[in-house]
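The values are calculated or read from the model by the stated rules, or taken from the named source; none is laboratory data. Model, not experiment: these values are computed from the prediction. No Cβ is skipped: glycine too gets one built from the backbone with ideal geometry, and neighbour counts run over all protein chains shown. Heads up: the accessible areas ignore ligands, DNA and RNA and are worked out on the full protein's heavy atoms, side chains in. Shrake-Rupley method; radii C 1.70, N 1.55, O 1.52, S 1.80 Å.
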Amino acid sequence: MKAHDGTEGLALHEGQRLKPLLADVLVGARFVPIWITTGVLTLVAVFIAPEVLQTTSWAFVLPYMTVLAVAALGQMLVIMHAGIDLSTPGVMFLGGYLIVGVGQGSNNRLALAILACLGLGVLVGLVNGILVGVLQLNPLIVTLAVGQIVFAEGLHYSNGLAETDVPSRLSSFAQNRPIGIISLVFWVGAGIALAVALLLRYTAVGRRFQAVGANPRAAWMAGVHIRAYVVFAYTAAATLYAIAAVLLAGVRISVDPSFGSAYLLAPIAVVVIAGASLSGGLASATSTWVAALALTLLNQMLLILGLPVGWQFIVFGAAIIVGMLVSGDRVAYLIGRLLRPSAAPTRIAQGLDQNTS
């Protein structure tokens with residue numbers, strides 16, 4: 001009996017040691033597919049569209065990929081709390097026109113114009129956060145309605161302007177490439193992604209932020225102010241949309257009525273393909289960054305191949321569906337199923353030992 005007790009205790013100890021490792025495997029596995037997919041996509045481009053990987057192509061891909069990534073990081077914060085934010089195009093549209101309207105083409109007013117754009121993001125995000133987090137309204141309906149209101153205000157503010165250039169200092173900043181083909185826009189976006197990743201992973205606020213998204217009830221029982229974190233998620237998200245609007249205005253040099261319209265569903269697709277859990281809690285800023293690169297690279301490949309616009313949408317939509325099929329939730333579930341049966345023989349062996357003793 002004593003020998004059996006020692007063996008059982010050793011097995012239990014080994015099981016306890018393996019639990020954190022298995023948890024890390026399950027969490028990390030949900031973010032692996034997008035990295036593999038990006039590598040495969042790059043390999044395919046080498047054979048069917050090598051122009052995609054040339055210097056001139058990267059000079060186009062990296063800035064637009066950065067804008068999409070920054071907007072997707074904002075969407076990621078909302079999805080981490082099991083929400084969806086559809087106000088992105090409205091914030092970017094009005095934010096873009098605030099840059100040209102407040103800036104008035106003068107470099108001396110550029111700082112004020114950028115502050116106006118960022119202030120819009122904070123205000124819209126705060127409204128979304130209060131309506132969703134405090135008043136407990138449906139996030140999909142709320143953000144869609146708020147986004148439409150902001151977009152309508154943008155139409156009124158633009159006063160029918162067809163196209164207006166941004167202050168030259170902003171466009172010069174976006175075109176500046178201190179290191180080869182990599183522009184300052186890319187480095188700003190990379191810095192933002194790194195900051196978000198570090199804050200979520202290595203700070204107490206970031207860990208509580210994830211805990212609220214993963215299990216709000218448990219977080220509430222632990223004394224965490226759930227509503228405050230939800231309000232913060234939407235406010236930070238809309239602020240990131242405003243930053244994306246500033247970067248996009250610099251990259252495009254001008255603002256027109258279609259400004260920001262492409263960012264309604266694309267950021268959501270990026271976050272989902274990156275492996276984030278739609279039920280909240282788990283997401284990766286670095287994987288979101290890679291997913292934005294993959295989608296932008298795919299779009300550039302379709303343009304270079306000269307596919308008709310209709311086929312471009314079909315291929316792009318099919319890629320998103322495939323990404324959903326191999327999403328992080330499914331990968332983590334399958335790996336969990338593969339690992340789970342291994343515990344059964346251990347329990348059977350323990351039962352045989354007890355019967356033998």
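Against the criterion of solvent-accessible heavy-atom surface with a 1.4 angstrom probe, ASP256, ASP165 sort, most first, into ASP165, ASP256. Spatially, the range 160-226 and the range 31-83 are offset by 16 Å when compared through their Cα centroids. Rounded to two decimals, the Cα-based Rg/Rh of the range 136-275, with Kirkwood Rh, is 1.03.
A straight chain from VAL322 to PHE60 at 0.36 nm per residue would run longer than the Cα-Cα distance by 91.8 nm. Apply the a/c threshold of 1.5 to the C-alpha gyration tensor of the range 39-117 and tell me whether it is rounded, prolate or oblate. Judged from the Cα gyration tensor, the range 39-117 comes out oblate (a/c at least 1.5, b/c at or above a/b). Between amide H atoms placed 1.01 Å from N, distances below 5 Å from ILE84 occur with LEU140, all of them 5 or more places distant or on a separate chain. For the range 58-103, the solvent-accessible area works out to 13 Å² per residue, with a probe of 1.4 Å and every protein chain left in place. The Rg/Rh ratio for the range 27-70, using Cα coordinates for both the radius of gyration and the Kirkwood hydrodynamic radius, is 1.07. In this structure, VAL32 and ASP256 have a Cβ-Cβ separation that, at R0 = 30 Å, corresponds to a calculated FRET efficiency of about 0.15.
By the compact-protein rule of thumb, 2.2 N^0.38 Å, the alpha-carbon radius of gyration of the range 197-319 corresponds to a ratio of 1.29. The shape of the range 149-216 comes out oblate: with a ≥ b ≥ c from the C-alpha gyration tensor, a/c is at least 1.5 while a/b does not beat b/c.
Here HIS225 and ALA195 are evaluated by their C-beta separation; at R0 = 22 Å the FRET efficiency comes out at 0.45.
From the protein chains alone at 1.4 Å, what is the descending order of accessible area for PHE232, PHE173, largest first? Can you show the working numbers first?
Values: PHE232 110, PHE173 70 Å².
Largest to smallest exposure gives the sequence PHE232, PHE173.
In terms of packing, defined here as the mean over residues of other Cβ atoms within 10 angstrom, the peptides 152-159, 83-90, 109-116, 219-226 line up highest first as 83-90, 109-116, 152-159, 219-226.
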